[in-house]
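The structure appears right after this line, and notes come after that.
The values are calculated or read from the model by the stated rules, or taken from the named source; none is laboratory data. What you are looking at is a predicted structure, and each value in this text was computed from that prediction instead of being measured. Here Cβ is always computed from backbone atoms with ideal geometry, including for glycine, and neighbour counts include all displayed protein chains. Accessible surface is based on the protein model in full, side chains and every heavy atom, while ligands, DNA and RNA are left aside. Shrake-Rupley method; radii C 1.70, N 1.55, O 1.52, S 1.80 Å.
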Amino acid sequence: MPEVIRFKVKRQQNPDSKPYWEEFQVPYRPQHNVISVLMALRENPVNIKGERVAPVVYEVGCMEEVCGACTMIINGKVRQACSALIDQLEQPLVLEPMTKFPVVRDLMVDRQKMFDDLRKVRAWIDIDGGYDIHVHAPRISPKDWVMNYDFSRCMTCGCCMEVCPQFHPKSQFVGPAPIGQAWLFSNHPTGKFYKEERLHALMGPGGITDCGNAQNCIEACPKDIKLTDAIAKIGRETTIQVFKDLFLK
Amino acid sequence: MAVKKPKIIVVGGGLGGLWATMRIAEAGNEVMLFSLFQVKRSHSACAQGGINACLDTKGQHDSVWQHIIDTIKGGAYLANQPPVKAMCEDAPGLIRTFDRMGVTWSRTPEGVMDLRLFGGVKNKRTCFAGATTGQQLLYSCDEQVRKHEENGLVKKYEFWEFLSIVKDGQGRCRGIVALNLRTMESEIFKADAVVIATGGLGLIYGKSTNSASSTGAAASRVYQQGAKFMNGEFIQFHPTGMPGDDKNRLMSEAARGEGGRIWVPRKQGDTTDPLKIPEDQRWYFLEEWYPAYGNTVPRDVASRAINKVCVEQGMGIGGKNLVYLDLTHLPEQFLRSRLAGILEIYEKFAGVDPCKVPMIIYPATHYSMGGIWVDWEKDETSGNLKQPSPRNHQTSIPGLFSCGECDGTYHGANRLGANSLLSASYSGRVVGESVAAYVKGLTESADEAPEEIYTQEKKRQESINRQILSNSNGENPYLLHKELGDMMREKVGIVRYNKELDEALEKIKELKDRSNKISLEDKLGWSNASLPYARQVQDMIVLAEVITKGARLRDECRGGQWKPEFEIPIPEGKFAGDPEFEEYRRKWMENNERWLKTTVAEHAPDGPKISYEKIDTSVLSPEQPRDYR
Ligand SMILES: Cc1cc2nc3c(=O)[nH]c(=O)nc-3n(C[C@H](O)[C@H](O)[C@H](O)COP(=O)(O)OP(=O)(O)OC[C@H]3O[C@@H](n4cnc5c(N)ncnc54)[C@H](O)[C@@H]3O)c2cc1C
Ligand code: SF4
Ligand code: SF4
Ligand code: FES
């Protein structure tokens, strides 16, 4: 059994400074994951050269792959660090921040754009208010439920965005995750009242037509969300909407 | 004259904080919403199993009254009853609201919301969305709040840490000081009302089922500034946690609700492959001890039973503190459709498929029933909560409110499964309405408060930060936290003894001293994660003392507080009407005379001052001891 866990981190002190690599090791423990390794490092933050350094900065929340916070690139693959078990990874581990979002510090990036775009595509159901109106929402067939539930597990982690060739700091493209959410809310019996608005938000520059259909996104999603289905459906519907806008108004 | 444009702050964007934000915004007020990270990543997302509300759609004649009784008795009568009654009565309406907000509830073949069975109850009453109910509920609130962000009523301050409230000369809350977690600068935010909705405190026990942010630090901070704290000693240990190094990941009670069985090999120390152990060689101890509820006894009962089997009898798997949670007798397709989320977690983190191999689990620190003390106003005609009332969920500091897991209102000595997503949401809604009512009655705005109260508080916070950053060769905050957690699990755990609690109090004094000498390896003034952590550790130690002192002083067994030295055992094989049982009931009621009281802690420099407060038992008089046999 290995006695230590070795890992290399691409570090960066702030958004404007230059990145650099630093190598570490911590004692081996069974069932360690990347987050628990970074936690262990905090207890004795010494690099491989024996220098005491600032502990590596990263984002963490649930530690069970449900909040999306800890997303980073591990051995070249974007994924959640908390569910990346050391025993299943080659060493030295190589840890890097995501590349499509601005680095805040070390492994922490700023994913605010994704949240802003959720506003853009109106990713909510319009209700009158948070009080009882004494009726339930309309029924939902078990089949629709399966599809909707699938999409509503999107934790805005950014894996799909990281691998999308069309999404990068210089493009306007909203990227796959917000499109998935636009579809989700338009597939809800009352959410679809505002489908037109969502489609309009996804027409034009930065919208659905920017998708090059590379299908990378669906491969990368840790929750197996069928993003390309949503992209295809929204794509078709925006085309129809374009005609409606032209001829019916 | 009323304040024209009141300033309102909500700290915390879990279910509680988001509901509060929604309701305040819906009343037309602007809200500043603070959170350590994007609110969508709040701990509420971890909740798996479901949320209780009596919908009675399963032909079981379930009733709201039964939900009220189950909650009150489940909490060993320690909760004030009018708020509990109000919560249970409003639960179905809250669920309908969530339904309209687009929550992807699991559906029956005819497309209505499905229900499942949870612990401590006999009817199916738990609404669920696969096995990620908390995530789905949280997201639905996140979306509504995003809508209010779009219409300009909500401004989010994400990646900000609440450090303290600002009080004026009359002791009223007039704003907060918060730390920008990017620039590391402290800033003043004036406010006419502040809501603390910062969640649980599991991390005081080091490892727990909670998220990395559930430290209780914010609650500790307002406690240190004079807010009363109630029932701190009542901590819930969830029977089915996955033992782990960094976290004890939870296997939801839903696993048992859907038919999961707990067992250990009958042969002591047996390490045989569990699948090769025949039925008659398995000891289903919960089913044997509690035939009426079996595997779905309430959490405190199940955790103690597991503790007894492992620690007292040495009957854990292979002699270790471990038992099986077995789903393998259930059809795989059924399991996948009902429990997908937790099956995935187990498979991901333990590396085996729980549909094929029994899971290995042990109790873990999970939930704090106690919390910040809050007021409530009774409607004398209905015996219910009067709504809206500015008193509801207001802390002992005027203008400061609290909701969610960090307040201590609804669960008494023990929380029933699926009741806390309910209380977090419900209390958030109530507090939202209280705050809206409170600010209407204000005559002076925060802008009119003397400037010094703000600058002084900011200075105080900055000097604490500076102190930590300038220390050198001191204590490592991460190691100090570990020491605290290990000690709390060992001495203030599922079963408690006064001798150990005394030792714990000694240790806490020592840790407190040492926490003043924390020094950091990271001195950077940008996105420094060590500084807020160090402060959280200092504040966790203070709250640990509240928990421990409360536990030390309360000499009885009630829900999450269990002291074998003071147990009044139920006579075996005897039931209501039997003289032995009636004698037991008499003793139990006598003990209630002494201990059926809310513990109230107030901060003092040399440790918490504890007093006790009478409980309103006007809904269900405490005459029936809890009995799940
Ligand atoms: C694994 C697990 C499973 C569970 N399953 C269930 C279940 O099935 N059913 C059920 O009813 N209950 C369940 N619970 C309990 C339930 O999830 C929680 O009690 C509830 O979600 C708490 O919600 P909250 O809004 O109070 O706090 P949280 O969701 O914890 O939110 C806290 C918020 O406060 C913010 N915050 C904290 N400190 C600060 C600070 N200093 N400054 C600024 N912001 C701060 C955070 O950023 C966060 O936004 C479960 C709990 C766990 C741990
Ligand atoms: S299919 Fe479209 S959205 Fe998905 S990765 Fe490719 S370009 Fe990006
Ligand atoms: S769609 Fe999947 S990969 Fe993309 S943000 Fe959501 S959960 Fe992450
Ligand atoms: S910490 Fe939440 S996904 Fe890893």
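Considering only segment A:27-35, I want to know if a residue exists there that is farther than 18 Å from B:K40 by Cβ and in contact with a Lys or Arg (Cβ under 8 Å, 6 or more places away or on another chain). Checking segment A:27-35: not a single residue is farther than 18 Å from B:K40 by Cβ and in contact with a Lys or Arg (Cβ under 8 Å, 6 or more places away or on another chain). Residue count for segment B:328-372 satisfying the condition of being over 25 Å from A:D87 (Cβ atoms), open to solvent by 40 Å² or more (accessible area, probe 1.4 Å) and not in a helix (DSSP H, G or I): 2. Please determine whether any residue of segment B:176-186 is among the small types (G, A, S) and within 16 Å of ligand 4 (Cβ to nearest atom). Scanning segment B:176-186 turns up no residue that is among the small types (G, A, S) and within 16 Å of ligand 4 (Cβ to nearest atom).
Report yes if some residue within segment B:104-113 is within 23 Å of B:H67 (Cβ to Cβ), charged (D, E, K, R) and facing chain A (nearest Cβ under 9 Å); otherwise report no.
Start the filter on segment B:104-113 by keeping residues that are within 23 Å of B:H67 (Cβ to Cβ), which leaves B:105-108, B:112-113.
Retained after the next criterion (residues that are charged (D, E, K, R)): B:107.
Next, only the ones that are facing chain A (nearest Cβ under 9 Å) stay: B:107.
Yes, segment B:104-113 has at least one match.
To keep it simple, each residue is scored yes or no on (1) in a loop (DSSP other than H, G, I, E, B); (2) under 16 Å from A:D229 (Cα atoms); (3) among the small types (G, A, S).
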| position | (1), (2), (3) |
| --- | --- |
| A:K143 | no, yes, no |
| A:F151 | no, yes, no |
| A:T156 | yes, no, no |
| A:H168 | yes, no, no |
| A:A177 | no, yes, yes |
| A:Q181 | no, yes, no |
| A:P189 | yes, no, no |
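The set of residues from segment B:121-135 being facing chain A (nearest Cβ under 10 Å) and open to solvent by 10 Å² or more (accessible area, probe 1.4 Å) comprises just one member, B:T132.
Test B:P571 against the criterion of being in contact (Cβ under 8 Å) with a residue 12 or more places away in the chain and surrounded by fewer than 18 Cβ atoms within 10 Å (Cβ to Cβ), and give yes or no. Spell out how you get there, then give the answer.
Numbers: in contact (Cβ under 8 Å) with a residue 12 or more places away in the chain: yes; surrounded by fewer than 18 Cβ atoms within 10 Å (Cβ to Cβ): yes.
It is true that B:P571 is in contact (Cβ under 8 Å) with a residue 12 or more places away in the chain and surrounded by fewer than 18 Cβ atoms within 10 Å (Cβ to Cβ).
Based on what the data block shows, is B:E580 in contact with a Pro (Cβ under 6 Å, 6 or more places away or on another chain) and open to solvent by 50 Å² or more (accessible area, probe 1.4 Å)? Here the answer is yes, as B:E580 does meet what is asked. When the residues of segment A:150-192 are filtered to those that are touching a Gly at 6+ places or on another chain (Cβ under 7 Å) and under 23 Å from B:Q48 (Cα atoms), the one that is surrounded by the fewest Cβ atoms within 10 Å (Cβ to Cβ) is A:H188.
For A:M98, are the conditions met, namely being within 30 Å of B:W526 (Cα to Cα) and more than 16 Å from ligand 3 (Cβ to nearest atom)?
Values: within 30 Å of B:W526 (Cα to Cα): yes; more than 16 Å from ligand 3 (Cβ to nearest atom): no.
Spelling it out, it is not the case that A:M98 is within 30 Å of B:W526 (Cα to Cα) and more than 16 Å from ligand 3 (Cβ to nearest atom).
For segment B:454-562, please list each of the helices (runs of 4 or more DSSP H) lying entirely inside it that holds at least 3 residues being touching a strand residue (DSSP E or B) at 6+ places or on another chain (Cβ under 6 Å).
Values: elements: B:477-491, B:498-515, B:530-553.
Filter on segment B:454-562 gives B:530-553.
Could we say that A:E64 is within 7 Å of another protein chain (Cβ to nearest Cβ), touching a helix residue (DSSP H, G or I) at 6+ places or on another chain (Cβ under 8 Å), more than 16 Å from ligand 1 (Cβ to nearest atom) and free of Cβ contacts under 8 Å to residues at least 40 places away in the same chain here? Write out each step before concluding.
Numbers: within 7 Å of another protein chain (Cβ to nearest Cβ): yes; touching a helix residue (DSSP H, G or I) at 6+ places or on another chain (Cβ under 8 Å): yes; more than 16 Å from ligand 1 (Cβ to nearest atom): no; free of Cβ contacts under 8 Å to residues at least 40 places away in the same chain: yes.
Here the answer is no, as A:E64 does not meet what is asked.
Just to be sure before I move on: is A:Q80 at pLDDT 95 or above and touching a Phe, Trp or Tyr at 6+ places or on another chain (Cβ under 9 Å) in the structure I sent? Here the answer is no, as A:Q80 does not meet what is asked. Just one of the listed residues (B:G74, B:G59) is open to solvent by 10 Å² or more (accessible area, probe 1.4 Å) and away from ligand 3 (no atom under 16 Å from the Cβ), and it is B:G59.
Taking the condition free of Cβ contacts under 8 Å to residues at least 40 places away in the same chain and open to solvent by less than 10 Å² (accessible area, probe 1.4 Å), does B:R146 pass? Judged against the criteria, B:R146 is a match.
Which of the helices (runs of 4 or more DSSP H) found entirely inside segment B:218-307 contain at least 3 residues meeting this: within 30 Å of B:G399 (Cα to Cα)?
Numbers: elements: B:254-257, B:285-289, B:299-307.
The helices (runs of 4 or more DSSP H) meeting that bar number zero.
Any idea which of (1) away from ligand 4 (no atom under 16 Å from the Cβ); (2) at negative phi; (3) out of contact with any Pro (no Cβ under 7 Å at 6 or more places or on another chain) is the one A:C154 doesn't satisfy? Condition not satisfied by A:C154: (1).
Mind checking which residues of segment B:201-217 are more than 16 Å from ligand 4 (Cβ to nearest atom) and closer than 24 Å to B:L15 by Cβ? Passing the criteria: B:L201, B:I204, B:Y205, B:G216, B:A217.
Of all residues in segment B:342-396, those satisfying the criterion of being within 13 Å of chain A (Cβ to nearest Cβ) and in contact (Cβ under 8 Å) with a residue 12 or more places away in the chain are B:I342, B:L343, B:I345, B:Y346, B:F349, B:A350, B:I360, B:A364, B:Q387, B:P388. Counting the residues of segment A:200-249 that are part of a loop (DSSP other than H, G, I, E, B), touching a residue at least 40 places away in the same chain (Cβ under 8 Å) and within 15 Å of ligand 3 (Cβ to nearest atom) gives 8. Here the condition is being within 8 Å of chain A (Cβ to nearest Cβ) and farther than 17 Å from B:V195 by Cα; of B:F118, B:F37, it holds for B:F37 alone.
Taken residue by residue, segment B:61-77 has no member that is under 15 Å from the mean Cα position of the chain (by Cα) and within 14 Å of chain A (Cβ to nearest Cβ). Scanning segment A:37-52 for residues that are touching a residue at least 24 places away in the same chain (Cβ under 8 Å), in a helix (DSSP H, G or I) and either under 15 Å from B:E521 (Cβ atoms) or hydroxyl-bearing (S, T, Y) (or both) turns up just one, A:L38.
Being buried (at least 24 other Cβ atoms within 10 Å of the Cβ), of a type in the set (D, E, K, R) and part of a helix (DSSP H, G or I) is a condition met by at least one residue of segment B:402-410.
Determine if segment B:593-608 includes at least one residue that is under 25 Å from B:F229 (Cα atoms), in contact (Cβ under 8 Å) with a residue 60 or more places away in the chain, in a loop (DSSP other than H, G, I, E, B) and touching a strand residue (DSSP E or B) at 6+ places or on another chain (Cβ under 6 Å). The answer is yes; a qualifying residue exists.
Out of curiosity, is B:V264 more than 12 Å from the chain's Cα centre (by Cα), farther than 23 Å from B:V495 by Cβ, more than 9 Å from ligand 1 (Cβ to nearest atom) and modelled with pLDDT of 95 or more? For B:V264, the condition - more than 12 Å from the chain's Cα centre (by Cα), farther than 23 Å from B:V495 by Cβ, more than 9 Å from ligand 1 (Cβ to nearest atom) and modelled with pLDDT of 95 or more - is not met.
Would you say B:L325 is crowded, with 18+ Cβ neighbours inside 10 Å, closer than 20 Å to B:L117 by Cα and out of contact with any His (no Cβ under 6 Å at 6 or more places or on another chain)? Let's see the steps before the verdict.
Working: crowded, with 18+ Cβ neighbours inside 10 Å: yes; closer than 20 Å to B:L117 by Cα: yes; out of contact with any His (no Cβ under 6 Å at 6 or more places or on another chain): yes.
Taking the combined requirement at face value, the residue satisfies it.
Looking only at residues in segment A:98-114 that are away from ligand 2 (no atom under 16 Å from the Cβ) and open to solvent by 10 Å² or more (accessible area, probe 1.4 Å), which one is nearest to the other protein chains (Cβ to nearest Cβ)? This residue is A:M108. Residue-level check: of (1) out of contact with any helix residue (DSSP H, G or I) (no Cβ under 7 Å at 6 or more places or on another chain); (2) open to solvent by 60 Å² or more (accessible area, probe 1.4 Å), B:N591 misses just (2).
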